[in-house]
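A short reminder: the numbers here are calculations on the coordinates, not readings from a lab. All values derive from a computational prediction rather than experimental measurement. Note that we place each Cβ from the backbone using ideal geometry, even for glycine, and neighbour counts take in every protein chain shown.
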């Protein structure tokens, strides 16, 4: 029996609502922990806008959908504890697609320029042997569903025209547009038919292209999505830092391994880039009292010996 669990990370300020217009942008907040395929609807605000996309979260007890070692590929979340996944091309089914979508925090303003970014990673394991291009974004005034899917009409607000083959690192896809309608929904997927989609098949069998997706941002500020993430590429293994529990309530444990025996600075940073808690220690584990922190999204930054480790956490 699954226990009902729900949390919502608030954005701390109405000013932030004008920044990232995407609800639950890194898929962290959920109403139920996923325990099987096709359960994207358990992720707050996100739903199928076509097909049966999947929800991956470290809280799951199903190894197929528990990062990092998932059925379709080995991948840590780009940040946090969760991501979504979908197929965008099937070799044995014409124009078969899955789309994910969500309502925006506010309706887009006609004539305003918006900047969009998200991160994808190719699954690459088992049947997910195909790589494609044309992963992109479309905005809509319509809310779609599995039974009423978004259109494959060769029109996209913007898309990536390079075949994404990388199964190790996350690939950032970004673009901008000037709104021509008062859009209320964001949709992500491949909106082009098979004849306009380029593919590479790494198997001799008829399989499909499957991609993980994380950290979706829509903003009127060209720099905001980078600041919102607060996470740059690191030349270190994420296993070197363990932060738990995530989400946290009254305590947050930061444990680090394989780091030089010298002073370590640990900072908790809010979405505005302000350090709200900080500690300097030489121990390999530190416990923060987070009971008085406001609910929301934070970055934990560990600095020592020229090494910087960063991970995002949610305070509920």
Report summary line: Here the relative contact order (percent) of the chain, from C-alpha pairs under 8 Å and at least 6 apart, is 20
Report summary line: In deg cm²/dmol, rounded to the nearest 500, the helical mean residue ellipticity at 222 nm of the chain, built from -39500 (n - 2.57) for every DSSP H run of length 4 or more, is -500 deg cm²/dmol
Report summary line: Expressed in nanometres to one decimal, the distance between label points 7 Å along Cα→Cβ at residue 204 and residue 109 is 5.9
Report summary line: The exposure ranking of 134, 113, 295, fewest beta-carbon neighbours within 10 Å first, is 113, 295, 134
Query raised in the report: Roughly speaking, what is the centre-to-centre gap between segment 189-217 and segment 39-115 when only Cα atoms are used, to the nearest Å?
Result: 14
**Report entry** For the chain, built as a Gaussian network whose Cα springs stay under 10 Å, the top-fluctuating residue of 285, 28, 146
**Finding:** 285
Query raised in the report: Of 169, 315, how do they rank once you tally other Cβ atoms within 10 Å and put the fewest first?
Result: 169, 315
Query - Reported label for calculated Cα extents along the principal axes in Å given [x] 80, 48, 29; [y] 58, 47, 43; [z] 58, 39, 38 - result: [y]
Query raised in the report: Going by how many other Cβ atoms sit within 10 Å of their own, how do 184, 203, 60 line up, fewest first?
Result: 203, 184, 60
**Report entry** Residue among 283, 102, 84 with the largest mean-square fluctuation in a Gaussian network model of the chain, springs linking Cα atoms under 10 Å
**Finding:** 283
